[in-house]
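Have a look at the structure below before the remarks.
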Amino acid sequence: MKLPISWLKDFIDLDGITVEDIARKLTLAGLEVDEILYAGLAMPTYGAGEKHEFKTNGIAWDKEKIVVAEIREVKEHPNADKLTLLDLYDGQQEQVVLTGAPNIFHLKGTGKLPKPIKVAYAKEGATIYDGHADGLVLTTLKRAKIRGVDSYSMVCSEKELGITEEHEGIILLDDDAPVGMSLADHIGDAVLDISILPNMARNANVIGIARELAALTGRELKKPKIEFTTSGASVEDSVSIEITNSELNPRFVAGLIRGVEIKPSPYQIQRRLKLAGIRAINNIVDATNYAMIELGEPLHAFDYDVLKERAGEKKIKLITRPAQEGEELVTLDGEKRKLTSMNVLVCDEKSSLSLAGVMGGTESEVTQNTRNVLLEGAAWNFINIRRTAKQHNLPSEASFRFSRGVHPALAETGVKRGLQYMAAWAHGSIAPGLVDAYPLKPKDSVVEVTSKEVKRLLGIELTVEQIAELLSRLEFKCEITNHQLQVTAPAHRMDIDEGVVGLADVLEEVARSYGFDKIPTTTISDALPPQAGNPVHEWEEHLRDLLVAIGMQEVVTYRMTSPEREGRVITHGEYVRIANPIAPERSVLRQSLLAAVLEVAEKNVRAESIAMFEVGSIFEPVKNDLPNEPRKLAIVMTGARSASAWDVKAAPAFDFYDMKGRIELLLAGLRYTDIVYAQSESTYSLHPGKSAEVKINGQAVGVFGELHPLAKEKYEFGDAPVIVAEFDLEKLRTLNPSYGIIPVSEFPPMYEDIAIILDESVTASAVEALIRQTGGKTVTDVRLFDVYRDEKIGAGKKSLAYNLTYQAEKTLTDADAAVIRNKIVKRLENTIGAKLRR
Amino acid sequence: MLDKLNEIEKAALEDLSSITEQSALDAWRVSNVGRSSPLMQVFAGFGKLSKEEKPIVGAAANRVKVALESALEEKTQAVKNAALAKSLSEEKLDITLPGREVNIGRLHPANQQLRRVLAILAEMGFQVYTSREVETDEMNFQMLNFAPHHPAREMQDSFYVESEGREDNPILMRTHTSPGQIRAMREAVATNPQNPPPIRIALPGMCYRYEQITARSEIQFNQVEGLAVGEGITFADLKGTLTDFARRMFGKDARVRFRASYFPFTEPSAEVDVECFVCGGKGCQVCKNSGWLEILGCGMVHPNVLQNGGYDPKRYTGFAFGMGPERQLMLRNKINDIRYFWGNDLRFLEQF
């Protein structure tokens, strides 16, 4: 909400406290000031390196150069029809000022004004906003000749002084404005733009903020004096109220004022309303808005005579009731609204009058011809108002407040305050009494507060007297008997519960009133909980580290995708569907982590080398229940195997074996040894001859391989093959790892190469298994270092060359090695028909 | 003989002085101190000298030998130094050519930050607790003291999951990691219903809000919450714990302030601001001239939430706090577009 400081000062003495101090105190107490807009008051100046605390905008008015002046005569301009010359007195001397203001044009050539007009006068050298510029542009008044007449000063519009954007006419100050007084002293202001949190709705008004400031500064809250005289017949003689549903409408109050004169409100009032973001309409509507901003109770003014006529000149009966499905009402904004049973209407015996708590209807609204006003102040169910305002897309100052909860006690105060302002600004006489239907009175919340509880929750030592003092500032009723403090919530608050919750509600107020900054900082003295750790999380973090160590970039992708996007690489079943997606391409929860990482790889296709992974959940639907969220690892590699440089030409592209090598390292890092790579039947579109399933301890845990050429075509990848992998982390994590190491021998190893020629159909893993089996524990490493095919070897044959490492707990001789080698060769010859290549 | 020795020495040293290369030095050594050199001939003819001459000539010959050898050694070093100096002056790289790149792996920046946060919390005794991302309305809202139609729900617009017959308890994408608070409390209560153990956990994970994807708003974001529940945990403890955390996270001199705020699941609630670490509090673009950065929301666990978790609010108290790792990174690294995170452009990721 936007709050002019001048208004605040009606209710609390803020002398000696700067605008920034006020903003800081409020911000720390939970009423965050987003911006300070200066409209006349002096702005703080910051030196270089000095701290700005708040976003600050607006303009300060020069005290010497911008003053209250009076126009004594409006004269014709000798050379311009649309301009006038003003005879003006600024408190020191008479001036002639040029203006084109339309709102005094009608006085042109009428001679000396019977009553001078008070205006805001900017002298030569004053800095104001340029009224003709787009937006806010500062300009300094300089002497110039306009159509042959000297111009050096100006009577100002609201835009020129930074009050509103209005530049249609000049400001017409109230008659009592003291001529010659600095304008800043007269109406200089600053506006705090305050964010109101849901639990702070009670403070969305001037009194609320003043009350908070009173608590924060220890100064007195000057409550409004609601006093007026009444005359004529009592309102009860002419109006009655019937509430059909007290849950929806706990209270309805109405007052009557007769003989009002509709005209603009005093300028001071208009200005405050405008600074608070409210349009000034006329004195009656302004009175309802002014009382609302001041007290927090939205009011609604009916044209009493319209109601009277509708009632056939009989006693008016107002009825509040839920609307019928499909019922219609034309609201003040001219819209015909189709209503549902959720909406509440204020009606008379003829038909509906207004949409309760949200917006009035056109027929009974206050017009230029209104003479008598019936003023409504009510309490409505906040959930209902919230839904109604949302349903009809009618956010208003009234619905903002009602939808956050307004205490029924305010209905009466609000109506009285509104009547008081109407009487002051529109004359008229207030009818005695109020009609007040109050079928559902809220219970006053009463809470017991002890020093012990304050200590237990807040960690501060306070006596009950100190607690009472802190709460009294916020108008809690505090009674101390035998060191027991009983607290009753004030009549403007609906957010204080009872019991253990009420205690927390009250202790929050104790803490805020005491000041969060004064509460000490301590360390937890309570016992540490049992240490359990989080093995799943820790294992996944280890997995991430391993992946990073083998050169993989981690990515994190959206959980929401579309079946079409995933369909490029996997055939999918039922999805977990989002009921309110932001876009069709984010309409389901992903079923494939690999599809998500592939999309990222595709987006990065210009990169020289891509090796990326993601660890995350996919979502499997369970009908009308929470989905399963299994964890997956997906890897995508494509592009150059290593980085190029100015003297290193492009490396070959990643292929199947690059992925396999990394998977081997990964699984070794996870301490898995019993690993088998088998032909895969994956649900993913993989190349049938270049993909494999990974089995550990006999269990399938993942697949990897080259993307199927047809699947790859659906992406915008380059020529390089795209190698992918996906693992089921639940399965991978729950296998039995094997710990332990191969001891490092002090004896020197022997190395020997053997090459064999064998049938193409025999796999490398079969050969290696045979070598290891035959070689026994002396052969500690078997490394394939060459695969060779050529005509000399023969069609359907290949040559595999191995580097063998012999190692024993003694120094091995050539003879020792020869024995083992011969055994191996013989075994290979006999078992798989291999021939030693010489 | 002595004259001859002097001549040998003089001639040899003269020769040596003009030598500049190793090969010439080798030749000099052969001809001057080699086996058949004039000097060695003197030694070879030693036997022919008289008894009186022997010690005199011997001493002189030895002196010459030592002199020539040391001169050779000196010269060898000089030649070597000259050669090294020459090669050093010639072998000059263009040090401005770029270094050779190495493709390395990295964690996603959001997870790097998540780890920093969790590491600090772990040292402060908060153990990681993870829970599901798709939740029920009951766990995400109702148990956390968000009444149906409560205005606070508007602060957290949600993605709902299609389901039937669940109007009272629809399924949604969690809007915060707080449902994990209820799950963790209930698990702890199950271990000892009469005397539930204290809790100190960190809850990291992805959360979802119904937003349009723009530079300032995202549909998913990481959150880390902390929860401490026990007997005798106070708001002062909350202040102390978070002040410690902020100092670990943002530097030991980091100034913090606690600002009253509102969350349905805590009371009292506060926002924690840390003095802007970009400008040191003087006011800059990052802190929007306020000198403060909002980094944490926190508060004392609401009695209803304790109750829903199975902890008696008359006996137990607790505090909770939450923060966004991506937001922290954005502030720290002046990232002005939140879409970078899940955009996963390698040119962004490789900067972390």
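Would you be able to say whether some residue in region A:228-243 is hydroxyl-bearing (Ser, Thr, Tyr) and part of a strand (DSSP E or B)? Talk me through it step by step, then tell me what you get.
Step one: list which residues in region A:228-243 are hydroxyl-bearing (Ser, Thr, Tyr), which gives A:229-231, A:234, A:238, A:240.
Within this subset, residues satisfying the condition of being part of a strand (DSSP E or B) are A:230, A:240.
Yes, region A:228-243 contains at least one residue that is hydroxyl-bearing (Ser, Thr, Tyr) and part of a strand (DSSP E or B).
Return the only residue of B:GLU326, B:GLU271, B:GLU267 being in the same structural domain as B:ALA188 (by TED's automatic domain parsing), more than 30 Å from A:GLU453 (Cβ to Cβ) and not polar (S, T, N, Q). Break it down stepwise before answering.
On the way: B:GLU271 fails: more than 30 Å from A:GLU453 (Cβ to Cβ); B:GLU267 fails: more than 30 Å from A:GLU453 (Cβ to Cβ).
Selected residue: B:GLU326, the only one of B:GLU326, B:GLU271, B:GLU267 that is in the same structural domain as B:ALA188 (by TED's automatic domain parsing), more than 30 Å from A:GLU453 (Cβ to Cβ) and not polar (S, T, N, Q).
Answer yes or no: is there a residue in region A:697-709 that is at pLDDT 95 or above and closer than 30 Å to A:GLY833 by Cβ.
Yes, some residue in region A:697-709 is at pLDDT 95 or above and closer than 30 Å to A:GLY833 by Cβ.
Just one of B:LEU72, B:LEU114 is open to solvent by less than 30 Å² (accessible area, probe 1.4 Å) and within 12 Å of another protein chain (Cβ to nearest Cβ); which is it?
On the way: B:LEU72 fails: within 12 Å of another protein chain (Cβ to nearest Cβ).
None of the others qualify; the one that does is B:LEU114.
Does A:LYS223 satisfy the criteria of being assigned to a loop (DSSP other than H, G, I, E, B), open to solvent by 30 Å² or more (accessible area, probe 1.4 Å) and closer than 27 Å to A:ILE163 by Cβ?
In short, no.
Condition (residue is outside any helix (DSSP H, G or I) and within 9 Å of chain B (Cβ to nearest Cβ)) applied to region A:503-514: is it met by at least one residue? It would help to see each step written out before you state the result.
Our first condition is that a residue be outside any helix (DSSP H, G or I); within region A:503-514, this holds for none.
There is no residue in region A:503-514 that is outside any helix (DSSP H, G or I) and within 9 Å of chain B (Cβ to nearest Cβ).
Residue by residue through region A:548-573, note down the ones that are within 14 Å of chain B (Cβ to nearest Cβ), under 17 Å from A:ASN604 (Cβ atoms) and in contact (Cβ under 8 Å) with a residue 40 or more places away in the chain.
A:GLY551, A:MET552, A:GLN553, A:GLU554, A:VAL555, A:VAL556, A:THR557
Select, from A:LYS441, A:LYS452, the only residue that is in contact (Cβ under 8 Å) with a residue 12 or more places away in the chain and farther than 22 Å from A:TYR304 by Cβ. Full working, then the answer.
Numbers: A:LYS452 fails: in contact (Cβ under 8 Å) with a residue 12 or more places away in the chain.
When all the criteria are applied, what remains is A:LYS441.
Considering only region A:661-673, I want to know if a residue exists there that is acidic (Asp, Glu), open to solvent by 30 Å² or more (accessible area, probe 1.4 Å) and not in a helix (DSSP H, G or I).
Taking region A:661-673 as the starting set, the residues that turn out to be acidic (Asp, Glu) are A:664.
Now drop any that are not open to solvent by 30 Å² or more (accessible area, probe 1.4 Å), which leaves A:664.
Add one more test, that the residue is not in a helix (DSSP H, G or I), and what stays is none.
No, region A:661-673 contains no residue that is acidic (Asp, Glu), open to solvent by 30 Å² or more (accessible area, probe 1.4 Å) and not in a helix (DSSP H, G or I).
Any idea which of A:ILE22, A:ILE5, A:ILE36, A:ILE17 is closer than 30 Å to B:GLU275 by Cα, surrounded by fewer than 19 Cβ atoms within 10 Å (Cβ to Cβ) and touching a helix residue (DSSP H, G or I) at 6+ places or on another chain (Cβ under 9 Å)?
A:ILE17
Output the residues belonging to region B:292-313 that are within 22 Å of A:ILE519 (Cα to Cα) and either part of a helix (DSSP H, G or I) or not β-branched (Val, Ile, Thr) (or both).
Step one: of region B:292-313, the residues within 22 Å of A:ILE519 (Cα to Cα) are B:292-303, B:313.
Selection gives B:TRP292, B:LEU293, B:GLU294, B:LEU296, B:GLY297, B:CYS298, B:GLY299, B:MET300, B:HIS302, B:PRO303, B:PRO313.
Conditions: (1) facing chain A (nearest Cβ under 9 Å); (2) within 18 Å of B:ALA320 (Cα to Cα). B:MET249 meets all but one. Number of the miss?
Among (1) facing chain A (nearest Cβ under 9 Å); (2) within 18 Å of B:ALA320 (Cα to Cα), the lone unmet condition for B:MET249 is (1).
What number goes with the only condition from (1) in contact with a strand residue (DSSP E or B) (Cβ under 9 Å, 6 or more places away or on another chain); (2) in contact (Cβ under 8 Å) with a residue 40 or more places away in the chain that B:ASP244 does not pass?
B:ASP244 satisfies every listed condition except (1).
This table checks each residue for (1) at pLDDT below 95; (2) among the polar types (S, T, N, Q).
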| site | (1), (2) |
| --- | --- |
| A:VAL67 | no, no |
| A:LEU85 | yes, no |
| A:TYR89 | no, no |
| A:GLN93 | yes, yes |
| A:GLY100 | yes, no |
| A:GLY111 | yes, no |
| A:ILE117 | no, no |
| A:GLY131 | yes, no |
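When region A:192-220 is examined, which residues are found to be among the β-branched types (Val, Ile, Thr), surrounded by 23 or more Cβ atoms within 10 Å (Cβ to Cβ) and farther than 22 Å from A:LYS55 by Cα?
Across region A:192-220, the qualifying residue is only A:ILE207.
Which one is nearest to the other protein chains (Cβ to nearest Cβ), of the residues in region A:588-609 that are buried (at least 24 other Cβ atoms within 10 Å of the Cβ) and in a strand (DSSP E or B)?
The selected residue is A:LEU589.
Filter region B:222-245 down to residues that are within 24 Å of B:ALA188 (Cα to Cα), among the charged types (D, E, K, R) and either more than 7 Å from chain A (Cβ to nearest Cβ) or not in a loop (DSSP other than H, G, I, E, B) (or both), then give me how many there are.
Qualifying residue count for the region: 2.
Is it the case that some residue within region B:125-136 is part of a helix (DSSP H, G or I), open to solvent by less than 20 Å² (accessible area, probe 1.4 Å) and within 23 Å of B:ALA184 (Cβ to Cβ)? Full working, then the answer.
Step one: of region B:125-136, the residues part of a helix (DSSP H, G or I) are none.
No, because not a single residue in region B:125-136 is part of a helix (DSSP H, G or I), open to solvent by less than 20 Å² (accessible area, probe 1.4 Å) and within 23 Å of B:ALA184 (Cβ to Cβ).
Conditions tested, residue by residue: (1) out of contact with any helix residue (DSSP H, G or I) (no Cβ under 9 Å at 6 or more places or on another chain); (2) basic (Lys, Arg); (3) more than 9 Å from chain A (Cβ to nearest Cβ).
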position	(1), (2), (3)
B:GLU267	no, no, no
B:PHE277	no, no, yes
B:LYS288	yes, yes, no
B:GLY291	yes, no, no
B:PRO303	no, no, no
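Which condition number does A:ARG371 fail, the rest of (1) surrounded by fewer than 20 Cβ atoms within 10 Å (Cβ to Cβ); (2) of a type in the set (D, E, K, R); (3) in contact (Cβ under 8 Å) with a residue 60 or more places away in the chain; (4) not in a loop (DSSP other than H, G, I, E, B) being met?
Among (1) surrounded by fewer than 20 Cβ atoms within 10 Å (Cβ to Cβ); (2) of a type in the set (D, E, K, R); (3) in contact (Cβ under 8 Å) with a residue 60 or more places away in the chain; (4) not in a loop (DSSP other than H, G, I, E, B), A:ARG371 violates only (4).
Of all the strands (runs of 3 or more DSSP E) wholly in region A:377-488, which have at least 2 residues that are over 21 Å from A:ASN205 (Cβ atoms), more than 29 Å from the chain's Cα centre (by Cα) and polar (S, T, N, Q)? Break it down stepwise before answering.
Working: elements: A:427-430, A:435-437, A:446-449, A:477-481, A:484-488.
Correct list: A:484-488.
Any idea which of A:SER685, A:SER680 is within 19 Å of A:LEU598 (Cβ to Cβ) and open to solvent by less than 30 Å² (accessible area, probe 1.4 Å)? Steps first, please.
Numbers: A:SER685 fails: open to solvent by less than 30 Å² (accessible area, probe 1.4 Å).
Exactly one of A:SER685, A:SER680 is within 19 Å of A:LEU598 (Cβ to Cβ) and open to solvent by less than 30 Å² (accessible area, probe 1.4 Å), namely A:SER680.
Tally up the residues in region A:616-640 that are within 16 Å of A:GLY705 (Cα to Cα) and either open to solvent by 10 Å² or more (accessible area, probe 1.4 Å) or β-branched (Val, Ile, Thr) (or both), please.
Within region A:616-640, the subset within 16 Å of A:GLY705 (Cα to Cα) is A:633-639.
Within this subset, residues satisfying the condition of being either open to solvent by 10 Å² or more (accessible area, probe 1.4 Å) or β-branched (Val, Ile, Thr) (or both) are A:635-636, A:638-639.
Number satisfying all stated conditions: 4.
Could you count how many residues in region A:479-529 are of a type in the set (S, T, N, Q) and either open to solvent by less than 10 Å² (accessible area, probe 1.4 Å) or under 30 Å from B:PHE245 (Cα atoms) (or both)? Spell out the reasoning first.
So the first thing to find is which residues in region A:479-529 are of a type in the set (S, T, N, Q), and the list is A:481-482, A:484, A:486, A:488, A:513, A:521-523, A:525.
Subset that is either open to solvent by less than 10 Å² (accessible area, probe 1.4 Å) or under 30 Å from B:PHE245 (Cα atoms) (or both): A:513, A:521-523, A:525.
Summing the residues that are of a type in the set (S, T, N, Q) and either open to solvent by less than 10 Å² (accessible area, probe 1.4 Å) or under 30 Å from B:PHE245 (Cα atoms) (or both) in region A:479-529 gives 5.
Please find, within region A:762-788, the residue that is least open to solvent (accessible area, probe 1.4 Å) out of those that are in contact (Cβ under 8 Å) with a residue 60 or more places away in the chain and closer than 22 Å to A:ILE742 by Cβ. So that I can check it myself, show each step before the final result.
Taking region A:762-788 first, the residues in contact (Cβ under 8 Å) with a residue 60 or more places away in the chain are A:762, A:765-767, A:770.
From what is left, the residues that are closer than 22 Å to A:ILE742 by Cβ are A:765, A:767, A:770.
Working: A:SER765: 85, A:VAL767: 0, A:LEU770: 20 Å².
By that ranking, first place goes to A:VAL767.
Which residue pairs have Cβ atoms under 8 Å apart, sit 6 or more places apart or on different chains, and have a first residue in region B:28-57 that is farther than 12 Å from B:LEU2 by Cα and a second that is open to solvent by 60 Å² or more (accessible area, probe 1.4 Å) and not in a helix (DSSP H, G or I)?
Close Cβ pairs (under 8 Å, with a partner that is open to solvent by 60 Å² or more (accessible area, probe 1.4 Å) and not in a helix (DSSP H, G or I)) amount to B:LEU49/B:MET1.
Return yes when A:GLU716 is within 24 Å of A:ARG821 (Cβ to Cβ), in a loop (DSSP other than H, G, I, E, B) and open to solvent by 30 Å² or more (accessible area, probe 1.4 Å) and no when it is not.
Details: within 24 Å of A:ARG821 (Cβ to Cβ): no; in a loop (DSSP other than H, G, I, E, B): yes; open to solvent by 30 Å² or more (accessible area, probe 1.4 Å): yes.
In short, no.
Among the residues of region A:574-587, count how many are open to solvent by 50 Å² or more (accessible area, probe 1.4 Å) and either within 8 Å of chain B (Cβ to nearest Cβ) or in a loop (DSSP other than H, G, I, E, B) (or both). Before the answer, list the steps.
Our first condition is that a residue be open to solvent by 50 Å² or more (accessible area, probe 1.4 Å); within region A:574-587, this holds for A:574, A:577, A:579, A:584-585.
Those left that are additionally either within 8 Å of chain B (Cβ to nearest Cβ) or in a loop (DSSP other than H, G, I, E, B) (or both): A:574, A:577, A:579.
Qualifying residue count for the region: 3.
The values are calculated or read from the model by the stated rules, or taken from the named source; none is laboratory data. Please read these numbers as outputs of a predicted model, since none were measured by experiment. Note that we place each Cβ from the backbone using ideal geometry, even for glycine, and neighbour counts take in every protein chain shown. Only protein heavy atoms, including side chains, enter the accessible area calculation; ligands, DNA and RNA are left aside. Shrake-Rupley method; radii C 1.70, N 1.55, O 1.52, S 1.80 Å.
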